[in-house]
Amino acid sequence: AVQLKKSAPNSAVTPPTVRRSRKPVPTRPRWLTVLSVFTKNLFLLLVLVGLVQMVRKVALRSGDGGSSVAFTDFEGRIAGMEALVKTTAKMIQVQVEVVDRKIESEVGALRKEVTKKIDDKDAVLERQLKELEARSHRLERTVEELRTGNWLSKEEFDKIYEDLKEARNGGYGDKEVTLDDIKAYAREVVRMEIEKHAADGLGMVDYALASAGGMVVKHSEPHLGGEGSYWFLRSARKGVHNDADKMLKPSFGEPGQCFPLKGSSGFVLIRLRAAIIPEAVTLEHVAKSVAYDRSSAPKNCRVSGWLQGKGTDFPDDTANMFLLTEFTYDLEKSNAQTFQVLDSAGTGVVDTVRFDFSSNHGSSSHTCIYRLRVHGHEPDSVSMIPMQS
């Protein structure tokens with residue numbers, strides 16, 4: 001009973017037992033384990049060899065005063081020790097070989113795994129490098145296009161800004177132009193350009209347009225396919241084919257809406273709707289995006305003009321003819337290409353033009369003329385016309 005009373009207060013103040021969580025023992029590398037086993041076995045072998053040597057020395061020293069029986073007993077013990085040492089050495093060698101094979105197997109598997117991961121990473125890096133190289137090429141192309149693009153220069157922008165500022169203030173005051181004003185001006189410019197180009201695609205008056213009075217008065221032999229020359233004579237008016245006016249009408253980019261002339265060289269004689277001072281000539285062919293074959297497009301061309309006058313015939317040649325322009329139609333550029341009249345033409349007035357082509361882009365059978373336009377302006381005074389005749 002006394003013992004129970006004494007133990008009661010002690011149990012009341014005993015602190016609760018705290019369980020300590022065992023920390024996970026880090027696993028030792030396998031090569032350390034192999035090295036430890038090999039070191040222990042080697043140490044044991046050395047101890048045994050040392051013990052054998054000590055026993056042999058003791059036996060040799062005591063052999064002089066002892067009997068042959070004792071020497072024989074020592075020899076037997078030494079032989080037993082040597083056998084034990086050999087057996088232990090063999091066991092150690094076997095264990096080392098087993099461990100070595102395990103290590104070699106695991107190292108080989110690890111080497112294969114690492115090699116596979118390296119190959120996978122190499123393939124991923126190579127693919128990413130190719131993608132990066134492709135992006136770099138695209139970026140270089142974009143930068144080159146931006147660099148070579150026909151952008152508005154700072155001087156041109158400053159001039160537009162000052163003109164807009166002056167127009168907004170009416171020549172008075174110095175009120176700054178806002179961003180909304182610039183946007184409104186840009187919209188107006190775009191609208192005017194759209195209206196101008198929607199009129200005839202170029203925004204320039206065409207004095208050879210058939211619907212406005214222009215007409216083909218002569219041309220070289222047409223390419224009729226299988227119809228034959230009799231069909232041409234039957235369907236022609238004064239040596240001009242009924243479809244020749246296709247050269248003076250909008251084709252709206254439709255392939256085949258042209259007038260084909262036989263061979264790779266030929267000519268077309270056009271009477272304009274009025275006498276003008278020529279400024280430019282436009283030759284149009286089917287666009288590359290919708291064309292089946294553009295080898296029939298004219299290549300080396302020459303345009304001449306003169307003032308024929310009304311009520312006269314159209315001779316094959318005239319002393320009043322003068323060169324307006326010479327050019328080469330380039331298939332890599334826009335399908336409608338405009339060429340300015342030479343400065344040597346001066347202010348000569350013409351009402352008739354002759355379009356000659358000496359080659360095309362490869363077709364030996366025919367050359368297609370989709371549309372030919374003549375641009376310029378009418379003289380300010382009618383009195384200028386007789387002066388040029």
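Values in this text are rule-based calculations from the coordinates and carry no lab data. Since the structure is predicted, the reported quantities are computational estimates derived from the model, not experimental observations. Cβ: placed from backbone, ideal geometry, glycine included. Neighbour counts: every protein chain shown.
For Lys238, go through the aspartates and glutamates and keep the ones whose alpha-carbon is under 12 Å away, minus same-chain ones fewer than eight residues off.
Asp313
Taking 0.36 nm per residue of sequence separation and subtracting the Cα-Cα distance, how much length would be gained by fully extending the chain between Ala274 and Tyr161, in nm to one decimal?
Between Ala274 and Tyr161, full extension yields 36.7 nm more.
Got a sec? How would Cys301, Cys368 order by Cβ neighbour count within 10 Å, fewest to most? Could the numbers behind the result be given before it?
Values: Cys301 20, Cys368 24.
Least crowded to most crowded, the residues run Cys301, Cys368.
Under a straight-distance cross-link criterion of Cα-Cα below 26 Å, which lysines are reachable from Lys333, leaving out those fewer than 8 residues away in the same chain?
Lys196, Lys246, Lys249, Lys262, Lys288, Lys299
If we count other beta carbons within 10 Å of each Cβ, what is the order of Tyr329, Tyr370, Tyr161, fewest first?
Listing Tyr329, Tyr370, Tyr161 from fewest to most nearby Cβ atoms yields Tyr161, Tyr329, Tyr370.
Within a 10 angstrom radius of the beta carbon, how do Lys165, Lys102, Lys333 rank from fewest other beta carbons to most?
Going from least to most buried by this count: Lys333, Lys102, Lys165.
Past 22 Å, Cα to Cα, is the threshold; run Lys90/Lys112; Lys40/Lys86; Lys40/Lys90; Lys57/Lys90; Lys218/Lys310 against it and keep the listed order.
Pairs exceeding the cut-off: Lys90/Lys112; Lys57/Lys90.
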